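Single-structure report; data block below.
The values are calculated or read from the model by the stated rules, or taken from the named source; none is laboratory data. Because the structure is a prediction, the values reported are computed rather than measured. Note: ideal-geometry Cβ built from the backbone for every residue, glycine included; neighbour counts use all protein chains shown.
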Amino acid sequence: MERARNRTVPGHAGIMDWWRWKPTPCPVHLRDKLKAVIEDRQYREARFLTRLGMAAAVLSLMVDVITMPDLVGQIALVRLGSVIPVQIAALAMPRSQLGWQKFLMGLSLSLFCLSLVYASSLAPAPADAFLAMGLVMMLGIAVPLLPLKAWELALFVIGTLLMAGLLMLLLNAQPAFLQIYFVILCLSSGGAMVLARRVRWLDRNTALMAIQAQEHAADLESSNARLTQLSMQDPLTNLANRRWAEVAFASNYAVTPEEAPGYTALLLLDLDHFKAFNDSWGHDIGDRCLVAVAEVMRHTTSTHGGLAARFGGEEFVVLMRVGSISDALRIAEDLRVGVERIEIESEAMGRTVSCTTSIGVAVHEAASPPSLSDMLKRADAALYEAKDAGRNRFKLAA
């Protein structure tokens, strides 16, 4: 039964949680970001409330004009002369001086409240009571809105009440009135502070959830980008796969000489007798051979520009822009020699092994944009010519 009485509905505060409030735990890596967000909000809120207080100080004189027109000049001098300069100073504070800005904002509000007490001492009945209640209304409205920490808010309320009480004593307020008035002030201020505590709790939780949502969105975007990359990358060699090559060709290489200098070249590589190579040396050595060939292709494309891709199995493709056919043939020879020089140590066999490749070269010189399927067919035909001619060589497609 005891356990059942202490149970609360998930997602809702308990009966006494309004006072036993504790902030939602913030992950360590988000604390600095949360602090910066809260301080930025407090800075903007303080500026807004200061401007609002400035307008309220001016507009409140309309009440004085109605209740005591003969004294409105004196009250305006006291109110505007004390409140406006402090508010201007608060607005002039830079973002780095947030503490001083909040102090000046609170001071201006306290001075405004004291000016209401002063005006109430000059007003005839019953206007004096209404003006005195202006302090109650100001505290009740302003306290929940002030962007202050709990201790800052407590100092503001206590300081304002003490200064108001001292001013009333100096103005010879009646003791009976003071007792009732301060009971009302304390009740109003206490309720406003509880409400302010709840508002700040909600603000902090909202800011924390917004930051966490942003981080989650960033992580999701990063994960999606990584998944996209993985879906377009060969897992063994880390070269582009066929899908990536098709996208790159359409966006970067399907152009004419008029649209971009040079010509589009496609080099189709196929490792010679690779099935027999795997059968003789094992698939582990075969995979290491594929990785080594990919490194040769990556080095060549980084030197001459272009994109290297693994189309599947032992078949590779290089896409690039060349200035002439002779440039494409020279790059094909660099690739052939680079693959031929690969040496892979086989610890089981106690020797090094190597491989060779045959290459078909297709260069698009026509005025129309090149087609990937057409260039692949031409390069494939040239590749078979190279194999028929003895392998470990390249051939130019017709």
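Out of (1) surrounded by 13 or more Cβ atoms within 10 Å (Cβ to Cβ); (2) free of Cβ contacts under 8 Å to residues at least 24 places away in the same chain; (3) within 30 Å of residue 28 (Cα to Cα), the odd one out for residue 215 is which? In the conditions (1) surrounded by 13 or more Cβ atoms within 10 Å (Cβ to Cβ); (2) free of Cβ contacts under 8 Å to residues at least 24 places away in the same chain; (3) within 30 Å of residue 28 (Cα to Cα), residue 215 misses (2) alone. Among the candidates 129, 150, the residue that is assigned by TED's automatic domain parsing to the domain that holds residue 181, touching a helix residue (DSSP H, G or I) at 6+ places or on another chain (Cβ under 7 Å), of a type in the set (Gly, Ala, Ser) and surrounded by fewer than 18 Cβ atoms within 10 Å (Cβ to Cβ) is uniquely 150.
Restricting the range 119-131 to residues that are over 51 Å from the mean Cα position of the chain (by Cα) and in a helix (DSSP H, G or I), the residue that is farthest from residue 69 (Cα to Cα) is 129.
Number of residues in the range 367-398 that are surrounded by fewer than 15 Cβ atoms within 10 Å (Cβ to Cβ), touching a residue at least 12 places away in the same chain (Cβ under 8 Å) and among the aliphatic types (A, V, I, L, M) equals 2. Taken together, 170, 146, 187 contain a single residue that is aliphatic (A, V, I, L, M) and within 18 Å of residue 41 (Cβ to Cβ), which is 146. Just so you know, in the range 167-207 the residues that are in a helix (DSSP H, G or I) and of a type in the set (Gly, Ala, Ser) include one that is farthest from residue 147 (Cα to Cα), and it is 176. Just one of the numbered conditions (1) over 17 Å from residue 323 (Cα atoms); (2) not in a loop (DSSP other than H, G, I, E, B) is not true of residue 392: (2). Going by what's in this entry, would residue 116 be described as part of a helix (DSSP H, G or I) and crowded, with 18+ Cβ neighbours inside 10 Å? Answer is yes for this residue. When we screen 366, 332, 398, 382 for residues that are assigned to a helix (DSSP H, G or I), more than 47 Å from the chain's Cα centre (by Cα) and not aromatic (Phe, Trp, Tyr), the only hit is 382. Entry remark, the range 54-95: residues being within 15 Å of residue 122 (Cα to Cα) and either over 47 Å from the mean Cα position of the chain (by Cα) or not assigned by TED's automatic domain parsing to the domain that holds residue 142 (or both) number 16 in total.
Note on the range 79-117: residues that are touching an Asp or Glu at 6+ places or on another chain (Cβ under 9 Å) and within 18 Å of residue 139 (Cα to Cα) amount to 4. Taken over the range 97-131, the criterion of being among the charged types (D, E, K, R) and free of Cβ contacts under 8 Å to residues at least 24 places away in the same chain is satisfied by 128 alone. Does residue 313 qualify as being out of contact with any Leu (no Cβ under 6 Å at 6 or more places or on another chain), surrounded by fewer than 19 Cβ atoms within 10 Å (Cβ to Cβ) and either among the hydroxyl-bearing types (Ser, Thr, Tyr) or under 23 Å from residue 390 (Cβ atoms) (or both)? In short, yes. Can residue 303 be described as of a type in the set (S, T, N, Q) and either within 45 Å of the chain's Cα centre (by Cα) or not assigned by TED's automatic domain parsing to the domain that holds residue 272 (or both)? Judged against the criteria, residue 303 is a match.
Within the range 260-293, no residue satisfies the criterion of being touching a Leu at 6+ places or on another chain (Cβ under 7 Å) and without any contact (Cβ under 8 Å) to a residue 24 or more places away in the chain. Here is a check on your reading of the model: is residue 134 within 26 Å of residue 195 (Cβ to Cβ), without any contact (Cβ under 8 Å) to a residue 60 or more places away in the chain and part of a helix (DSSP H, G or I)? No. For the range 322-343, which positions are surrounded by 17 or more Cβ atoms within 10 Å (Cβ to Cβ) and touching a helix residue (DSSP H, G or I) at 6+ places or on another chain (Cβ under 7 Å)? Of everything in the range 322-343, those that are surrounded by 17 or more Cβ atoms within 10 Å (Cβ to Cβ) and touching a helix residue (DSSP H, G or I) at 6+ places or on another chain (Cβ under 7 Å) turn out to be 322, 331, 335, 338, 339, 342.
Of the residues examined, residue 166 is not one that is touching a Lys or Arg at 6+ places or on another chain (Cβ under 8 Å) and assigned by TED's automatic domain parsing to the domain that holds residue 44.
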